[in-house]
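Below is one structure; the comments refer to it alone.
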Amino acid sequence: MATITIGKPADKARLLHTLVLGFSADPVARWASPDAATYMSRRHEFFGAFGGAAFAHGTAFVADDGAAVATWLPPGVAPDGEVMAAIMDEQTPPHRKAELDAFVEQMDRFHPQEPVWYLPLIAADPAYRGRGLGTALMEAAIAVIDADGRAAYLESSNPRNIPLYRRFGFEITGEIRTATSPVLTPMLRPGRG
């Protein structure tokens, strides 16, 4: 049984490294940043801009002292799009930049307009995969989300994770893809309030 805690701002830098490792073979992350050295150089900063606000809001769920992490952004809190765009501009191969822009535009179109709980990032350090940590993180977060009563939203960047999200009531709302990208699957869980 995993021990779930809430990541504090002081834990953020250390726990972002868990996410970097966890996404190192992710189809979408590596399509956007295919060079390993480039991916490793600034991905922690990118993830900090994408989901790092969860640490300040008490909504970064941590399994077994950093073996896995989920950064939930509460309603009204958004990723830092400017920092993300600047890093991706540096990291994305020139021939892929226009396509990545189109990909991000699709992400923006699918994101709900009403305030929702948003899961930018959930991942386990590869050394700890297969231990049920993702399920434990989702259980802890869903309890908080259900107490709030509002909807929750995520984009699954790996098709293997869709069954996990479905078990927690997330429904597929479409498909995000470009000519060469992997599929990103937007999923919404209706509010329980």
Inset, instruction - Ignoring everything but the protein chains, give the 1.4 Å probe accessible area of residue 65 in square angstrom, nearest 10. - result: 110
Legend entry - Loop sites in region 104-193: GluC sites (Glu not before Pro), DSSP, at most 13 other Cβ within 10 Å: 175
Legend entry - Cut-off 12 Å between beta-carbons: net charge of the residues surrounding residue 188, Lys and Arg +1, Asp and Glu -1: 0
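How large, in percent, is the carbon and sulfur part of the accessible surface of the chain at a probe radius of 1.4 Å?
55
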Legend entry - Cut-off 15 Å between beta-carbons: net charge of the residues surrounding residue 134, Lys and Arg +1, Asp and Glu -1: +1
Inset, instruction - Choose one answer from 115, 159, 34: the residue with the largest mean-square fluctuation in a GNM of the chain with alpha-carbon springs under 10 Å. - result: 159
Inset, instruction - Roll a 1.4 Å probe over the protein chains and send me the accessible area per residue for region 1-50 in Å². - result: 49
Inset, instruction - Heavy atoms only, probe 1.4 angstrom, no DNA, RNA or ligands counted: give me 176, 122 ranked by accessible area, highest first. - result: 122, 176
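The values are calculated or read from the model by the stated rules, or taken from the named source; none is laboratory data. All values reported here derive from a predicted model rather than from experimental measurement. Don't worry about glycine lacking a Cβ; one is built from the backbone with ideal geometry, like all the others, and counts go over all protein chains shown. Quick note on the areas: whole protein, heavy atoms, side chains included, nothing else; ligands and nucleic acids left out. Shrake-Rupley method; radii C 1.70, N 1.55, O 1.52, S 1.80 Å.
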